[in-house]
Amino acid sequence: MIRLNINGKTHDLDIDPNTPLLWAIREQVGLTGTKYGCGVAQCGACTVHMDGASVRSCGIPVSAAAGRKITTIEGLAKGNVMHKVQKAWLAHDVPQCGYCQSGMIMAVVALLREKPRPTNADIDAAITNICRCGTFQQVRAAIHAAAKA
Amino acid sequence: MAFNPEMNRRSFIVGGAAVGGGLALGLQIPFGAAVARAADGSPEVGAWVVIRADDTVVIRIARSEMGQGTLTGLAQMVAEELECDWSRVRTEYPTPGQSVARKRVWGDFATVGSRGIRMSHDYVRKGGAAARMMLVQAAADAWKVPVSECSAVNSVITHKPSGRKTTYGKVAVAAAKLEVPKDVALKDPKDWKLIGKPVKRLDTIDKLTGKQVYGADLKLPGMLNAAIKDCPVFGGKLKSFDAAKAERMPGVKKIVRVGESAIAVVADTWWRAKTALDAIAIDWDGGENAKVSSASIAEILKEGLTAEQAFVHNQNGDSKAAIASAAKKIEAVYAYPFQNHATMEPMNATARYTASLCEVWCPTQNGEGALATTAAASGLPIEKCEVYKLHLGGGFGRRGAIHDYVRQAVLIAMELPGTPVKLLWTREEDMLHGRYHPVMQAKLTGALDASGNLTGLHIRLSGQSILAAVFPGALDKGKDPLTFQGFWPSGDQSFEYSIPNLLIEHAMRNTHVPPGFWRGVNINQNAIFLECFMDELADAAGQDALEFRRKLMANHPKSLAVLNAVAEKGDWGKPAPQGVHRGLAHFRAFGSYVAACAEISVSSGSKVKIHRIVAATDPGYAVNPAQIERQVSGSFVYGLSALFMQECTVKDGRMEQENFDTYNSMRIAQMPKVESIIAPSGGFWGGVGEPTICVAAPAVLNAFFRATGKRIRSVPLKNYGIELV
């Protein structure tokens, strides 16, 4: 049995401890906002926060997340109030297909926690998620807008 | 009227409507004067519009949303004529099964070839206009006044003489009983209020909160999950396997042979299915194809460059004679590789099979195609099949013509009748079983006279035909006209230079690798071949690349206009900052005219920084400029990833690249600033999702030559040690 704290809720999971955190979140906990893209921590679609830092959940065994505070895209808004990054994303109409955006948003939230007013160079270094639709131009604008919000 | 059970299912509420967050819409089909109603009971005013009592307007969209914004753009088209309150607009997908039952009332479902708007602009606007006429008529009938005295704006109908007002929601039921008018006039474009406005997308919020359900996210009661491995050698077979260990692994429900070539594990969770699949020892039989390599394919294509026989598609004058008598002859050979679409969401489909009904939930660019595949795979008549479309985590052409993943899901579900099974490919499976951008080589020969005029051009293409593999019925006496995209003598993919002696031909050389329609399709290589070679010719003639092109474009004013636009905004001909170099390209595709001017610098001879790209598009009419701008800037991510990073190489008959570590894609740090010029000149409808991709590579390659003196003639640039920084 592995105890996970996800978005403030406790989940006791009967699960192989080697199962990637991503699949525990998606299949056992049932939160599908965190996406599978590559399984090898390349694309960032599975990005979640572990104790506030962004991690790629496809590459972390669920056992390593036990006792840590996990936040997924579903846990970002406070009630009906969206996080400022989500609001900036809405204002800039960022997503196209949207599949990578959960991970992109989680990576950006973690960046802004570290660097509240990131430079373009900070963004380039921290945001390495793949987006095949190519939303980067809107992503950058929305990051700067969120930083000012 | 007696209904059999299947007709009942179709005629009333579709079984799938209750699951997956109301993804599928239920419909009542009208018989006699009955009112057609949506799943929630709201009346349908014509096939395209449902009006709820609270004045919510639901617009039916037959095409698929995969990020390109078609839900929003098509809804704008309907709403423009409907005169409804845009803030109350919602969209929904009719199902392919309903389309069959209603004789394709929503037209074509295919969301390919940048055609969402350009092929349906007329009938979707008429759908909106017809609904408006019915609603206004219903109000006039209720008031017992002439309809000519009534008008509608923003979902409110007004009787001008009396000032009486009502709303669409209040008259919708009455309107739904009226006959749909056939004679429908459309607005003059100058009167458009919503078309042409950069309104926000209608489908954003759920993509920000994790609520959006993609195919991979679907949950159905009692659903099992499947992972699959198909023979990595295309055309090979599953010879034997040892599943003794896998059978005993936790959660495993069934191990299934899928057709001749694949094996799948069905388990309670996907991760357990995948883990068990990896524990199966599989013996594949690659057959003869296992001998094929990229090098052996390249040899076959090379032979085609000089082969005697080729399909001619565009010819005037005598290019061979012009070349023979040229003052200067220029020749170059270019090549383009296999590439994978690499949608962010790997292929997937969920199927539930019983002997009387086969249902599929899937992300698809063509719901009707998915339905046809469901029927073929299940062996059931099409009336006993249904497809529920889900949002796509990217399409780019992979989910359009070929529904191999649907076929597999159905075959697996048939082994577990009544149980829904979700099949999800690993990224590795997705990379190994793409429908790849076809390989092509091209030999281009140009003739210059003593004054540096281009007197003749010969383009010999040699390589793979998509149509021969995917739609052989579309071949023209063996010739694949689509291979010549951008090279046609006329039409919406026409060659945009006037050259006195011209010959463009194709030696078809097909391979065992399955080709597919990859965003942009054949313009990707054709634009590189032509637009890089035009620069080579300009250099050989000692002329400026822009001026050289302009002289050949007097008869192509729309192409010239977009080229001039990027040259002007891109500061062509003006001094560039130290170390910065520019390159141009333009092309005609999918009915639109596109051009780009790239500004780059190169350090250490191989590190390319793209500072900015000015891109111009003339799509005729720009329905939503904000979304066009996003398609344009996104096109550079797709096109430049392909140029710098992407190639699928064949070894022992199979692809070597299995994930993003060896098949990379651009990141934000590499993203140039894209300045879009949207210049709709009116009078035609061009596509937007694809055309711009093809000018990305040649504009950058032409700039790279100016920066380094090196002319690169094959893709990707990583093969030359060149990287995008």
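Taking the condition at positive phi, charged (D, E, K, R), out of contact with any strand residue (DSSP E or B) (no Cβ under 7 Å at 6 or more places or on another chain) and without any contact (Cβ under 8 Å) to a residue 60 or more places away in the chain, does residue A:122 pass?
Details: at positive phi: no; charged (D, E, K, R): yes; out of contact with any strand residue (DSSP E or B) (no Cβ under 7 Å at 6 or more places or on another chain): yes; without any contact (Cβ under 8 Å) to a residue 60 or more places away in the chain: yes.
Judged against the criteria, residue A:122 is not a match.
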TODO: Those residues that are within 11 Å of the chain's Cα centre (by Cα) and over 16 Å from residue B:108 (Cα atoms), I need them from the range B:56-72; list them, please.
DONE: B:66, B:67, B:68
Task: Check on residue B:117, among the aliphatic types (A, V, I, L, M), closer than 27 Å to residue B:152 by Cα and either in the same structural domain as residue B:393 (by TED's automatic domain parsing) or within 16 Å of the chain's Cα centre (by Cα) (or both) - done: yes
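Listed residues B:363, B:381, B:417; which is within 14 Å of chain A (Cβ to nearest Cβ) and either surrounded by fewer than 24 Cβ atoms within 10 Å (Cβ to Cβ) or closer than 18 Å to residue B:66 by Cβ (or both)?
Values: B:381 fails: within 14 Å of chain A (Cβ to nearest Cβ); B:417 fails: within 14 Å of chain A (Cβ to nearest Cβ).
Just one listed residue meets the conditions, B:363.
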Task: Matching residues in the range A:131-144 - criterion: being touching a residue at least 40 places away in the same chain (Cβ under 8 Å), assigned to a helix (DSSP H, G or I) and either surrounded by fewer than 24 Cβ atoms within 10 Å (Cβ to Cβ) or at the interface with chain B (Cβ under 7 Å from one of its Cβ atoms) (or both) - done: A:138, A:139, A:141
Task: Considering residues of the range A:50-61 that are of a type outside the set (D, E, K, R) and surrounded by fewer than 23 Cβ atoms within 10 Å (Cβ to Cβ) only, the residue farthest from residue A:36 (Cα to Cα) - done: A:52
Task: Condition broken by residue B:112, with the remaining ones in (1) in a loop (DSSP other than H, G, I, E, B); (2) in contact with a Ser or Thr (Cβ under 8 Å, 6 or more places away or on another chain) satisfied - done: (2)
- [ ] Select the strands (runs of 3 or more DSSP E) contained entirely in the range B:291-359, then report the ones holding at least 2 residues which are touching a residue at least 60 places away in the same chain (Cβ under 8 Å) and not assigned by TED's automatic domain parsing to the domain that holds residue B:535.
- [x] B:348-354
- [ ] Looking for whichever is more than 20 Å from residue B:337 (Cα to Cα), crowded, with 21+ Cβ neighbours inside 10 Å, in the same structural domain as residue B:528 (by TED's automatic domain parsing) and modelled with pLDDT of 95 or more here; the options are B:696, B:703. Which one fits?
- [x] B:703
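Okay, residues lined up against (1) on the phi < 0 side of the Ramachandran plot; (2) touching a residue at least 24 places away in the same chain (Cβ under 8 Å); (3) of a type in the set (Gly, Ala, Ser):
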{"residue": "B:654", "(1), (2), (3)": "yes, yes, no"}
{"residue": "B:682", "(1), (2), (3)": "no, yes, yes"}
{"residue": "B:696", "(1), (2), (3)": "yes, yes, yes"}
{"residue": "B:713", "(1), (2), (3)": "yes, yes, no"}
Open item on the list: I want to confirm something. Restricting to the range B:491-509 and keeping residues that are assigned to a loop (DSSP other than H, G, I, E, B) and under 23 Å from the mean Cα position of the chain (by Cα), which single residue is surrounded by the most Cβ atoms within 10 Å (Cβ to Cβ)?
Closed with: B:495
TODO: Being surrounded by 24 or more Cβ atoms within 10 Å (Cβ to Cβ), over 19 Å from the mean Cα position of the chain (by Cα) and either of a type in the set (D, E, K, R) or under 26 Å from residue B:464 (Cβ atoms) (or both) is the filter here, so list the residues in the range B:335-351 that pass it.
DONE: B:336
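Scanning the range B:657-668 for residues that are touching a Phe, Trp or Tyr at 6+ places or on another chain (Cβ under 9 Å) and free of Cβ contacts under 8 Å to residues at least 60 places away in the same chain, which turns out surrounded by the fewest Cβ atoms within 10 Å (Cβ to Cβ)?
So the first thing to find is which residues in the range B:657-668 are touching a Phe, Trp or Tyr at 6+ places or on another chain (Cβ under 9 Å), and the list is B:657, B:664-668.
Still in the list and also free of Cβ contacts under 8 Å to residues at least 60 places away in the same chain: B:664, B:666-668.
Details: B:664: 20, B:666: 25, B:667: 18, B:668: 23.
The selected residue is B:667.
Look through B:22, B:26 and report the one residue that is under 26 Å from residue B:116 (Cβ atoms), modelled with pLDDT under 85 and out of contact with any helix residue (DSSP H, G or I) (no Cβ under 9 Å at 6 or more places or on another chain). So that I can check it myself, show each step before the final result.
Values: B:26 fails: out of contact with any helix residue (DSSP H, G or I) (no Cβ under 9 Å at 6 or more places or on another chain).
Of the residues listed, the single one that is under 26 Å from residue B:116 (Cβ atoms), modelled with pLDDT under 85 and out of contact with any helix residue (DSSP H, G or I) (no Cβ under 9 Å at 6 or more places or on another chain) is B:22.
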- [ ] Would you check if there is a residue in the range B:242-258 being on the phi > 0 side of the Ramachandran plot and more than 9 Å from chain A (Cβ to nearest Cβ)?
- [x] yes
Task: Extreme residue, surrounded by the most Cβ atoms within 10 Å (Cβ to Cβ), among residues of the range A:34-45 that are small (Gly, Ala, Ser) and over 9 Å from the mean Cα position of the chain (by Cα) - done: A:37
TODO: Read through the list (1) closer than 30 Å to residue B:421 by Cβ; (2) buried (at least 18 other Cβ atoms within 10 Å of the Cβ), then give the number of the only condition that residue B:319 fails.
DONE: (1)
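Provide a single number: the residues in the range B:169-197 that are within 35 Å of the chain's Cα centre (by Cα) and assigned to a helix (DSSP H, G or I).
We begin by selecting, within the range B:169-197, every residue within 35 Å of the chain's Cα centre (by Cα); these are B:176, B:180-197.
Still in the running and assigned to a helix (DSSP H, G or I): B:176, B:189-191.
The total comes to 4.
Here's the yes/no breakdown for (1) over 28 Å from residue B:395 (Cα atoms); (2) basic (Lys, Arg):
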site	(1), (2)
B:552	yes, no
B:577	yes, no
B:599	yes, no
B:608	yes, no
B:623	no, no
B:630	no, yes
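Looking at B:186, B:208, B:194, B:202, which is the one that is closer than 22 Å to residue B:61 by Cβ, touching a helix residue (DSSP H, G or I) at 6+ places or on another chain (Cβ under 7 Å) and without any contact (Cβ under 8 Å) to a residue 12 or more places away in the chain?
B:208
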Open item on the list: I'd like the full set of residues that are within 24 Å of the chain's Cα centre (by Cα) and of a type in the set (Gly, Ala, Ser), limited to the range B:198-237.
Closed with: B:215, B:216
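The values are calculated or read from the model by the stated rules, or taken from the named source; none is laboratory data. Fair warning: this is a prediction, and the values are worked out from it, not measured in the lab. Cβ: placed from backbone, ideal geometry, glycine included. Neighbour counts: every protein chain shown.
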